[in-house]
Structures are given as C-alpha cells and as structure tokens.
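Input: a single structure, listed below in structure tokens.
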Amino acid sequence: AGGAGGAGGAGGTAGTGGAGGDGGAGGDGDTGCAGGAGATGSTGGTGGTGAGAGTGGADADDAQGAGGEGAAAVAAATKAAAAAAAEGTAPSGEAVEDSIDDIVPLVSYEDSDEKRSFFSKDGRWIIPKREQFPSVFCALRVRVRMEMLDPSRSAKELPKEVVEDVLRVGFGLGKSLVRWDDARDTTLAALISASTREVVVAINGALPAGVGRGSKLKDDRNALSATVTEVTETSDDVDPSRIMSIASCLKESGQSDAIVFELPQLWIIPDPDFKPKFASIGLYPGSFWMHFLKSWGAIVTCEVYFRTAPKNVSDPRVNLVVKFRDRESMKMCFTFLYDRYLVHPKQENELRPPWCRLTSFQDFKSKATAKAGAAAKSGSGPKAKAKAGITKARPAVKALSVAGLG
C-alpha cells in the first residue's frame, strides 16, 4: 500500500497550513493510502490542505494512490480554525488593560555598569551633577480646601495675601511654606461652588505638631474656614502611595509616548519681549533644557507650544512636549518629576511645579495644530507651523534664594 501522505504544516498566526506530503507509491494493484489531513493552524490560523496524491503502481492496472480521502478531516479542521480566528479577532477589554505597561521603574542615584546616574539625592533635593541643569525639589505637598462662610462670596477671588495668611499663620506653616498653587484636579465641591477653593502647598520640612489630614480652622477676620484634605510625601521614591499613584497614571495613559510639561515662557526663551510668530517651535538642540531631558534617555523630538497652556497675562506659560525614543526613558523621567518641583538654575527665586502629564505626542500635536489653525482663520494668534529654533538661554547664573528652601 502507498505510504501515508505527510501532515500539512501548522499555520502561523492568521496564516495557512502547508500542503501535505505526497502519498507513497502504490503496491501491485493496491490503492495508495490516503494523504494525512493538514494540521490545524494556531490561533487565527487555517489548517493546511490534505496530503497530495499517492504515486501510481508500476503495473498498468495498478490503482493510483488517493490523496484526497482526508478531505473531510481537512474541512473539519478548517472550520475549527475559522471559529478560533473569529473568537480571537478582537482582544477583550481585560486583555488590552493587562497589556498596558504600568510598572514603575526603580529610581537609583548610583552609577552602575549598565547606566550612569546624572543626579544625587540630598534630603528633599535631587541635585544634578551638572550645575547648569535644573534641580528637583521633593516637597511635602499639602492640599487645603478653603470655604467662605458667606456662600455668596467667591473664594477664588481671595487676595493672595489672605491665602498666605491662612497657611503661614493660621496653620502655622511659617517659613516652611515654599509656594502654593491653585489645585488643577479640583474636587466636585470646588467645581460647583464658587465659595470653595482648593490649593496645593509645597512645604520644606514637616507639618507643625497637631496639624495633619483633617485639621480645620475658622478665620473670622477673613470670614472663611480651611481644612487640610490631603498630605502627600514626594521625597521617598519607594513610598507605596507614591508608587501606586504613578502606576495609576501609567495605566490610565494607556499607550502614551510623550510627557507634557507646563513651564514659564521665560524659562525656555529668556527674553521678556519675545512674541511668538508660530504656534509651536522645536526646542533649541543646544539648550540646557534639551540636555537636562536627555539625562533620562535619547529623545525623538521635543517641541514648545505657545497656545495650549493656561493663559496668564503677567506670567506667559508654554507647554514643552518631549517624546523619548524608549518608553522606559519616558517612564523614568515621569517618575523623577511627578508631583515635584523644578528649580531654574539661572533665575533667582524660580521654583515651579512642571505639572507633568503623559500624552500621545501625535494627538497633542494634532489638537494644537487644529486650535492654532482656527485661531489663524479668525485673525488672532501666531501661525500654525514653525521653521525656527529657540533662542539660546543667557549664560549668566544667579544664586537661588527661595524663601523656605535649605
């Protein structure tokens, strides 16, 4: 009898199984054995066609070996593979969620054989080994909710001096208070009520005795009450709550490939009279900002956007959007700077939160370009495209003297 045809090769993902081998030569008048059925392809694949026809016997009346008798088996295998493919065409939501890389990288300030560290750590300070780079301040962040005793009054219109008085005197923060900013991720209560305001306070040190989460005070002179709603330590790189918060950002951002920073325009372009002619320009390749960002890895592109940051007439701001070549570099940079503060190395008393967040570079650029195009059609704002680099920063270096910083 003719030998059995070889089994069809297994199909690769969404591929097709290979053809079966030839049936063996038929004996004296005997029928060749049926070719083997093609193997079923892997997930999404299709089983191969059954083995080829057997070679006929030597005598004229010998029957030809039949290779098609495995057709039924092949049809069954093909049907099963098609069903498997149909089930696997669209990954489930859980599968997509599980595929998101939300592992927080381990921060190290030590040089190793594999990688050099560009920073050292001293208490609340992350100090660059190149003095022309920005330093990073890891504050004790305290969130305070202020509510007007008269609901008809707006807390958002409270003078800066009143807010400072509540924080420095009322809660006893004194000189340990470095700066405060209005919260960006305001709670529902603050959104729906003008009489409520939330601020985030950066402290260099510890809270006074008796002050902590839940602490309240009533200021009759300014007709308001204030409550400490959150206390977050940002100095400890391995603090479980910090790790969980960063991991949540990585997971929520999905497949983001870039980081957005919000910085004063003067930090990037040290010219108070500069007026942008374009909606965005590339970051100057030789600037200390570019070299600072390269501390975490190679950069694909880095652009400055003039119309996407919140408007502030007295203090124009820009968005600096950086796309690293590797996701691990992006994650490490984000882990270093998340919820922390940057200190400008060349300007006195300049410490700011960079408000860093993760994004898709292409999505951010597309939205910014569309916004700039709409503004250009209406006759306002700079052009949508840029052809120039940024003016290089002045080399003068001034000493830092931020109140409350040691």
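Provide Ser112, Ser215 ordered by accessible surface of protein heavy atoms (probe 1.4 Å), highest first.
On the way: Ser112 60, Ser215 25 Å².
Listed by decreasing accessible area, they come as Ser112, Ser215.
What length, rounded to one decimal in nm, is gained on full extension from Asp182 through to Lys115, with 0.36 nm per residue of separation minus their alpha-carbon distance? Don't skip to the answer; put the middle values down first.
Values: separation 67, 0.36 × 67 = 24.12 nm, distance 3.80 nm.
Roughly 20.3 nm would be gained on extension.
Could you compute how much accessible surface Lys275 exposes when probed at 1.4 Å, giving the result in Å² to the nearest 10?
Accessible area of Lys275: about 150 Å².
Enumerate the amide H contacts of Phe118 below 5 Å, restricted to partners 5 or more residues apart or on another chain; note that Pro and chain-start residues carry no placed amide H.
Close amide H contacts, sequence-distant or interchain: none at all.
Rolling a 1.4 Å sphere over the protein heavy atoms, what is the accessible area per residue of the stretch 292-361, to the nearest Å²? Intermediate results must be reported in sequence, preceding the final value.
Values: 2580 Å² over 70 residues.
Spelled out: the 1.4 Å probe surface of the stretch 292-361, per residue, equals 37 Å².
The values are calculated or read from the model by the stated rules, or taken from the named source; none is laboratory data. These numbers were taken from a predicted model, which means no experiment stands behind them. The protein model used for the area step is the full one, side chains on, heavy atoms only, and it has no ligands, DNA or RNA in it. Shrake-Rupley method; radii C 1.70, N 1.55, O 1.52, S 1.80 Å.
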